[in-house]
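J.: Just dropping this structure here.
The values are calculated or read from the model by the stated rules, or taken from the named source; none is laboratory data. Just so it is clear, the model here is predicted, and its values are computed rather than measured. All Cβ positions, even for glycine, are placed from backbone atoms using ideal geometry, and neighbour counts span all protein chains on display.
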Amino acid sequence: MSRAPVRDLLVGLFVLAGLGAVAYLSLSVGRVSYGGPRHMALYADFDETGGLKPRAQVVIAGVKVGQVASITLDQSYRAHVRVDVDAALKLPIDTTASIMTAGLLGDRYVSLQVGGNDKLLQPGDQITMTESAVVLERVIGKLIYGADRGKSQ
Amino acid sequence: MNAIRDLGWAAVRFVADLGGLARFGAQIGRAALSPPVRARLFVDELFKLGVLSLVIICVCGLAVGMVLSLQGYTTLVRFGAEQSLGAVVGLSLIRELGPVLTALLATGRAGSATTAEIGTMVATEQLDALRMMSVDPIDLVATPRALAMTAAMPLLSALFIVCGLFGGYLVGVGLMGVDPGSYMSSLRSAVDFRDDVLGSLLKALIFGVLVGLIATYRGHTAVPTSAGVGAATTSTVVVASVSVLIFDYFITALWGV
């Protein structure tokens with residue numbers, strides 16, 4: 001079997017194109033994390049997550065700064081949410097985390113309102129001030145209940 | 001009585017076939033791991049199985065992505081969720097259609113050719129000639145082809161998916177007027193690297209092993225007549241296609257890929 005320059009070139013191009021496609025799927029579409037200390041983990045406890053899912057966005061002023069890593073139930077039956085945010089962010093310790101909805105029926109996401117304290121949150125810290133998700137059914141239920149009570153009085 | 005005997009014979013043949021395939025696979029595995037490394041033959045086969053399948057894979061990927069986008073849009077627009085078109089096209093291509101359709105296309109395009117080639121070698125007693133020279137035909141003929149199929153399948157599948165995503169983008173954004181930003185952002189937020197992309201590549205790799213093994217085995221065990229080679233080629237396409245689809249179900253069910 002002898003070398004065939006043209007064929008070898010084509011095979012090389014094929015392998016490169018295939019690996020390029022794999023790289024595009026992994027890096028651009030699949031957003032593989034490169035590891036390293038680029039993210040910092042923060043924790044926040046909520047009474048109601050209203051269907052927040054792992055990998056949901058974490059935003060400040062509508063700009064994505066991280067994502068929800070995990071949601072677990074703690075001993076006091078509150079939702080214990082871990083969020084990974086950009087490690088370069090300097091967040092004061094009086095930052096508030098609230099669960100919001102994109103649109104009326106859209107996906108849940110976590111919104112951070114930055115506070116004014118001089119002390120900064122360190123990786124692994126707990127965000128103490130949280131605002132739970134608003135569950136639409138409960139709001140409607142309260143509205144109907146309130147209207148009924150108003151009528152009976 | 002005769003019917004039961006036929007059934008028994010069919011069952012025995014099936015099990016014997018399965019055993020033969022497993023033994024053949026083990027021999028290929030041993031030949032692949034032990035020297036000599038036949039890199040030149042491997043590149044040769046990669047050219048035939050990979051490069052020559054490139055056009056059909058890209059054209060089919062483009063067409064599938066375009067029709068997926070069209071169908072997805074007409075369904076999603078009923079729920080007012082056409083912004084999620086990127087996620088629908090991306091997830092169906094990456095998780096399911098990419099590896100499976102690539103495996104089916106490669107079976108028809110490259111698997112059948114491999115079987116016919118090896119089968120003709122059997123029919124013209126070329127493999128016997130190799131044995132006469134004490135060259136193992138599995139090492140020289142079957143192994144490079146099976147390995148090349150295994151290596152080419154994930155690459156072809158990834159190219160199929162990228163072409164499909166491009167086709168879906170063309171139709172969704174260009175024809176249907178979905179916002180380009182929301183197409184890409186819904187695609188990116190829906191696709192996970194470990195769950196979806198790695199799973200897709202793993203699926204393609206398993207299909208590559210399956211198709212490569214079946215194609216070379218069928219060629220190797222072909223009845224040495226022209227009718228026998230034809231039957232072996234048909235059998236490769238049927239058996240490989242069916243087993244790809246069956247394995248696809250079990251891979252998805254077991255590993256949630």
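J.: Among the candidates B:ILE28, B:ILE57, single out the residue that is more than 14 Å from chain A (Cβ to nearest Cβ), of a type in the set (A, V, I, L, M) and buried (at least 18 other Cβ atoms within 10 Å of the Cβ). Show your work before the answer.
T.: Working: B:ILE57 fails: more than 14 Å from chain A (Cβ to nearest Cβ).
From the options B:ILE28, B:ILE57, the qualifying one is B:ILE28.
J.: What is the number of the single condition among (1) more than 14 Å from chain A (Cβ to nearest Cβ); (2) among the aromatic types (Phe, Trp, Tyr); (3) surrounded by fewer than 24 Cβ atoms within 10 Å (Cβ to Cβ) that B:TYR169 does not meet?
T.: Going through the list (1) more than 14 Å from chain A (Cβ to nearest Cβ); (2) among the aromatic types (Phe, Trp, Tyr); (3) surrounded by fewer than 24 Cβ atoms within 10 Å (Cβ to Cβ), B:TYR169 breaks only (1).
J.: What is the number of the single condition among (1) at pLDDT 85 or above; (2) over 20 Å from B:SER185 (Cβ atoms) that A:ASP84 does not meet?
T.: Every condition holds for A:ASP84 apart from (2).
J.: Looking at (1) surrounded by fewer than 19 Cβ atoms within 10 Å (Cβ to Cβ); (2) in contact with a Gly (Cβ under 9 Å, 6 or more places away or on another chain), find the lone condition where B:LEU21 falls short.
T.: (2)
J.: Taking region B:31-54 as the region of interest, how many residues are surrounded by 15 or more Cβ atoms within 10 Å (Cβ to Cβ) and more than 18 Å from the chain's Cα centre (by Cα)?
T.: Summing the residues that are surrounded by 15 or more Cβ atoms within 10 Å (Cβ to Cβ) and more than 18 Å from the chain's Cα centre (by Cα) in region B:31-54 gives 6.
J.: Let me ask you something else. Of B:THR143, B:THR107, which residue is away from chain A (no Cβ under 14 Å), in a helix (DSSP H, G or I), surrounded by 23 or more Cβ atoms within 10 Å (Cβ to Cβ) and within 14 Å of the chain's Cα centre (by Cα)? Write out each step before concluding.
T.: Working: B:THR143 fails: within 14 Å of the chain's Cα centre (by Cα).
Among B:THR143, B:THR107, only B:THR107 is away from chain A (no Cβ under 14 Å), in a helix (DSSP H, G or I), surrounded by 23 or more Cβ atoms within 10 Å (Cβ to Cβ) and within 14 Å of the chain's Cα centre (by Cα).
J.: For B:GLY181, are the conditions met, namely being among the small types (Gly, Ala, Ser), in contact (Cβ under 8 Å) with a residue 24 or more places away in the chain and in a helix (DSSP H, G or I)?
T.: Numbers: among the small types (Gly, Ala, Ser): yes; in contact (Cβ under 8 Å) with a residue 24 or more places away in the chain: no; in a helix (DSSP H, G or I): yes.
Taking the combined requirement at face value, the residue does not satisfy it.
J.: Consider A:GLY51 carefully, then state whether it is at pLDDT below 80, more than 22 Å from A:ASN117 (Cα to Cα) and either touching a Phe, Trp or Tyr at 6+ places or on another chain (Cβ under 6 Å) or assigned by TED's automatic domain parsing to the domain that holds A:ASN117 (or both).
T.: Working: at pLDDT below 80: no; more than 22 Å from A:ASN117 (Cα to Cα): yes; either touching a Phe, Trp or Tyr at 6+ places or on another chain (Cβ under 6 Å) or assigned by TED's automatic domain parsing to the domain that holds A:ASN117 (or both): yes.
No.
J.: Restricting attention to region A:54-64, which residues are crowded, with 16+ Cβ neighbours inside 10 Å and at pLDDT below 85?
T.: Matches in region A:54-64: A:ALA56, A:GLN57.
Conditions tested, residue by residue: (1) over 21 Å from B:MET66 (Cβ atoms); (2) of a type in the set (D, E, K, R); (3) in contact with a strand residue (DSSP E or B) (Cβ under 6 Å, 6 or more places away or on another chain); (4) within 14 Å of chain A (Cβ to nearest Cβ).
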| residue | (1), (2), (3), (4) |
| --- | --- |
| B:MET121 | yes, no, no, no |
| B:GLN126 | yes, no, no, no |
| B:LEU130 | yes, no, no, no |
| B:ARG194 | yes, yes, no, yes |
| B:LEU202 | yes, no, no, yes |
| B:GLY208 | yes, no, no, yes |
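J.: If you go through region B:211-230 one residue at a time, how many are in a helix (DSSP H, G or I) and farther than 13 Å from B:PRO154 by Cβ? First the steps, then the outcome.
T.: Kept after step one, since they are in a helix (DSSP H, G or I), are these residues of region B:211-230: B:211-220, B:226-230.
From the residues that got through so far, the ones that are farther than 13 Å from B:PRO154 by Cβ too are B:213-220, B:226-230.
Matching residues across region B:211-230 total 13.
J.: Take region A:97-140 and flag every residue that is of a type outside the set (A, V, I, L, M) and within 30 Å of B:GLU82 (Cβ to Cβ).
T.: Keep residues of region A:97-140 that are of a type outside the set (A, V, I, L, M), which gives A:98, A:101, A:103, A:106-109, A:111, A:113, A:115-119, A:122-126, A:128, A:130-132, A:137-138.
The answer is A:SER98, A:THR101, A:GLY103, A:GLY106, A:ASP107, A:ARG108, A:TYR109, A:SER111, A:GLU137, A:ARG138.
J.: Continuing with this model, one more query. Looking at B:PRO154, is it touching a helix residue (DSSP H, G or I) at 6+ places or on another chain (Cβ under 6 Å), buried (at least 23 other Cβ atoms within 10 Å of the Cβ), in a helix (DSSP H, G or I) and facing chain A (nearest Cβ under 10 Å)?
T.: Details: touching a helix residue (DSSP H, G or I) at 6+ places or on another chain (Cβ under 6 Å): yes; buried (at least 23 other Cβ atoms within 10 Å of the Cβ): yes; in a helix (DSSP H, G or I): yes; facing chain A (nearest Cβ under 10 Å): yes.
Yes; evaluated as a whole, the condition is true for this residue.
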